[in-house]
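The values are calculated or read from the model by the stated rules, or taken from the named source; none is laboratory data. On a predicted model such as this, the values are computed, not experimentally measured, just so you know. Using ideal geometry, Cβ is built from the backbone for each residue, glycine included, and neighbour counts are taken over all protein chains shown. Remember, those area values only see protein heavy atoms, side chains included, never the ligands or the DNA or RNA. Shrake-Rupley method; radii C 1.70, N 1.55, O 1.52, S 1.80 Å.
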Amino acid sequence: MSFTIQSKCRVSPRFSLKRVETRPSTRASVGQSVNRHTIRVSKCSAGGVRPEKSARSNSFVTNALAIEHDQAPYYAENEGTVEGIRKTALITAIKTPYLKDGRFDLGAYDALVETQINNGVEGLIIGGTTGEGHLMSWDEHIMLIAHTANRYGQHLKVIGNTGSNSTREALHATQQGFAVGMDAALQINPYYGKTSQAGLLHHFNAVLDEGPAIVYNVPGRTGQDIVPDTVRELATHENFIGIKECTGNDRIKMYSDEGISCWSGNDDEAHDARHLCGAKGVISVTSNIVPSLFRTMMDIQDEELNQKLQPLINWMFREPNPIGLNTILAMGGLCKPVFRLPYCPMSLAEREEAVRLINDIGLENTIFDSINALNDDDILLRTTF
């Protein structure tokens, strides 16, 4: 396996938080009717949205904003951020695409976001594990939150991953995230340098004081479980929205029965979490690829669809996330085949397997116009950016 590795750093202007200005919200008013079929976008290459005539109207989508505003979108703001987010079923942990020099590819990013909106996604996690927030500078991280909030905040909930294993850093990033317009934060428990459950309470209460947040429990990544008694105490905070729970559906059912809002963090368990265990929905990785199918799966109980998606989901998580997502989006031409190390693509044999899986699901049910396995020589690994 031979990839091109580039280490030369290209210096670009730094994003200055002092120059950020927030804009008044233009979200739909409470009670406004919503119809997820009224937003139309074009599938596109990584270069950005291409103008395309809508098959269902005489209007055109353009590079300026490939979303129609003739009717309200699927998303509409509810009676406040905490309650509003509690009513969202499908939240995508969005991918961050890169240019060949390793900087953000905002044209490709916008196209991905607009496709999510078009297919009924109600919220995005910005700069999460899937979006590689841990490989970003905080300047990059807050810039991407600001870009998303200002450009798309009227269409869906913008949830910035501003958590950290340092309480001071989490507080600073969360303050910045709210200053540039995010609706809520995703807050992880301190990882690697773990603390006690008492320390977790102090940490989470400090960041919850800054604004609405979803707490994220993923012991497989952090090395520590946020135990139920800790979650129950956090749930009394007015800014506690709920928990993204990755320990399984038994925990989700327990919390749901107690009135604590939960989202499944496991795509393979999301259908049962939603329809059998009381989860509000899912914070999904695979919905980057098949948002319309995840929309259906959150709206109705459909075991046949759930089983149909399992082979793709299993492939997506065969290697640690976001390796599978990065690989398949490059294969579909929606992101350039550029990886920030330490991530590198799936093997050629696994890429060929993914082509078969997508064809089994039906290309028309995905965000792709076409898909190919790529050659190893097409893939660029970046050590600096």
Query raised in the report: So how many residues does the range 326-344 have that are open to solvent by 50 Å² or more (accessible area, probe 1.4 Å) and under 17 Å from Leu363 (Cβ atoms)?
Result: 0
**Report entry** Out of Ile125, Ile91, sole residue that is over 23 Å from Asn205 (Cβ atoms), hydrophobic (A, V, I, L, M, F, W, C) and touching a residue at least 60 places away in the same chain (Cβ under 8 Å)
**Finding:** Ile91
Query raised in the report: Can you spot a residue in the range 292-305 that is crowded, with 17+ Cβ neighbours inside 10 Å and outside any helix (DSSP H, G or I)?
Result: no
Report task. Mind telling me which of the residues Asp209, Asp183 ends up being surrounded by fewer than 23 Cβ atoms within 10 Å (Cβ to Cβ) and among the acidic types (Asp, Glu)? Result -> Asp209
Query raised in the report: Across the range 153-168, what is the total count of residues that are under 22 Å from His202 (Cα atoms) and touching a helix residue (DSSP H, G or I) at 6+ places or on another chain (Cβ under 7 Å)?
Result: 6
Report summary line: Considering the range 266-281, residues that are part of a loop (DSSP other than H, G, I, E, B) and open to solvent by less than 40 Å² (accessible area, probe 1.4 Å), and then whichever is nearest to Asn205 (Cα to Cα), we arrive at Ala279
Query raised in the report: Before we move on, is Ile323 among the hydrophobic types (A, V, I, L, M, F, W, C), within 22 Å of Tyr109 (Cβ to Cβ) and touching a Cys at 6+ places or on another chain (Cβ under 8 Å)?
Result: yes
Query raised in the report: Which members of the range 345-370 meet the condition of being crowded, with 17+ Cβ neighbours inside 10 Å and either at pLDDT below 95 or closer than 20 Å to Asp105 by Cα (or both)?
Result: Pro345, Ile367, Phe368
Query raised in the report: Among the residues of the range 306-325, is there at least one that is touching a residue at least 12 places away in the same chain (Cβ under 8 Å), open to solvent by 40 Å² or more (accessible area, probe 1.4 Å) and more than 30 Å from His275 (Cα to Cα)?
Result: no
Report task. Within the range 174-188, count every residue that is of a type in the set (A, V, I, L, M, F, W, C) and assigned to a helix (DSSP H, G or I). Result -> 2
Query raised in the report: On the given criteria, is Asp139 open to solvent by 10 Å² or more (accessible area, probe 1.4 Å), farther than 16 Å from Leu341 by Cα and not small (Gly, Ala, Ser)?
Result: yes
Query raised in the report: For the subset of the range 142-166 comprising residues that are free of Cβ contacts under 8 Å to residues at least 40 places away in the same chain and more than 14 Å from the chain's Cα centre (by Cα), which member is least open to solvent (accessible area, probe 1.4 Å)?
Result: Ser164
Query raised in the report: If you take the residues of the range 186-206 that are surrounded by fewer than 17 Cβ atoms within 10 Å (Cβ to Cβ) and either among the polar types (S, T, N, Q) or touching a residue at least 40 places away in the same chain (Cβ under 8 Å) (or both), which of them is farthest from Val227 (Cα to Cα)?
Result: Asn205
